[in-house]
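To start, the structure itself, in structure tokens.
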Amino acid sequence: MSLLNCLCAAIPARERVVTCEEVFELRVPLPDVVSMQTRQPNLEGAGEIPLRRLVKEALRMRPSRIIVGEVRQEECLDLLIALNSGLPGMCTLHANSAREAVVKMCTLPLLAGENIGTAFVVPTVASSVDLVVHVGTDVSGHRRVREIVGLPGRAENGVIETADIFTSRDGRLVRADGYPPHPDRFAALGLDLAALLGDRS
């Protein structure tokens, strides 16, 4: 969640951001932020507001960007649909590696119902997710970025193609051979992608 908060600090101030969480942990330092939280049912079993409903409600608020604190269940489907419509967004989920996170994003939407299958989910994940940043705990107990993986947007036989952008070697995060997808989006924001990746001396 600390990394997600850091990434939120880089969002342009002109954007309208809607966050969906089970527990308020995000601190988005922007003037136009709508923060929503789930609610447990009362003693009579009524009044529950699940995370999936919050994601759907967020889309009605005309956000520039949607952020889900942690994706655990079928709300992953609603987030994917939002991302696939062109709405930028971020989320966290638990996985042992960046590639396992991609696999998990392909599995969680299946919990939404029998009418949701891998034939829809896998290409949707491939086209909707750009970057996966994996954070792990080292032997000293410090949490560090262990790898950054890009998704070029291609999938074959149910497997999503990935590209290593940064990887860990000898305990250090080093540049790999891959590149983030959609370099035109970086250029449109006036960002020099090669300089950001350290590919220029």
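The values are calculated or read from the model by the stated rules, or taken from the named source; none is laboratory data. The structure presented is a predicted model; accordingly, all values stated were derived computationally and were not measured. In this analysis, Cβ positions are derived from the backbone assuming ideal geometry, glycine residues included, and neighbour counts consider all displayed protein chains. Heads up: the accessible areas ignore ligands, DNA and RNA and are worked out on the full protein's heavy atoms, side chains in. Shrake-Rupley method; radii C 1.70, N 1.55, O 1.52, S 1.80 Å.
Here are the numbers:
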{"quantity": "Environment charge of Pro152, counting only residues whose C-beta is closer than 15 Å and scoring Lys/Arg +1, Asp/Glu -1", "calculated": "-3"}
{"quantity": "Label-point gap, in nm, between Asp184 and Ser2 - each point 7 angstrom along Cα→Cβ", "calculated": "3.9"}
{"quantity": "Full-extension gain in nm, Ile116 to Val135, via 0.36 nm per residue minus C-alpha separation", "calculated": "3.9 nm"}
{"quantity": "For Ala126, net neighbour charge (Lys/Arg +1, Asp/Glu -1) across residues whose Cβ lies under 12 Å away", "calculated": "-2"}
{"quantity": "Residue with peak Gaussian network fluctuation, the chain [Cα springs, cutoff 10 Å], from Asp170, Asp78, Asp138", "calculated": "Asp170"}
{"quantity": "Choice from Val159, Val122, Val28 with maximal GNM fluctuation in the chain (Cα, 10 Å cutoff)", "calculated": "Val159"}
{"quantity": "Surface share of carbon and sulfur [accessible, 1.4 angstrom probe, percent] for the stretch 53-148", "calculated": "51"}
{"quantity": "P(r) weight above 32 Å for the chain, C-alpha pairs, percent", "calculated": "18"}
{"quantity": "Alpha-carbon centroid distance for the pair the stretch 44-120 / the stretch 122-201, whole angstrom", "calculated": "21"}
{"quantity": "Per-residue ³J(HN,Hα) for the stretch 162-168, Karplus 6.51 cos²θ - 1.76 cosθ + 1.60, θ = phi - 60°, Hz, x for Gly and Pro", "calculated": "10, 9, 6, 9, 10, 9, 9"}
{"quantity": "Accessible surface, the chain, averaged per residue in Å² (probe 1.4 Å)", "calculated": "59"}
{"quantity": "Along each principal axis, Cα extent of the stretch 39-93, largest first, Å", "calculated": "39, 24, 15"}
{"quantity": "Rg followed by Dmax, in Å, when the stretch 77-166 is reduced to its Cα trace", "calculated": "13.6, 45"}
{"quantity": "Built amide H within the under 5 Å cut-off of Ser35, gap 5+", "calculated": "Thr19"}
{"quantity": "Packing-based ranking, highest mean first, of 39-52, 58-71, 171-184, 105-118 given that Cβ atoms within 10 Å are counted", "calculated": "58-71, 105-118, 171-184, 39-52"}
{"quantity": "For the chain, share of DSSP beta bridges that run antiparallel, in % to the nearest 5", "calculated": "60"}
{"quantity": "Sum of side-chain charges, Asp32 neighbourhood, beta-carbon under 10 Å (Lys, Arg +1; Asp, Glu -1)", "calculated": "+1"}
{"quantity": "Mean ellipticity per residue at 222 nm, deg cm²/dmol - from DSSP H runs of n ≥ 4 across the chain, formula -39500 (n - 2.57)", "calculated": "-7500 deg cm²/dmol"}
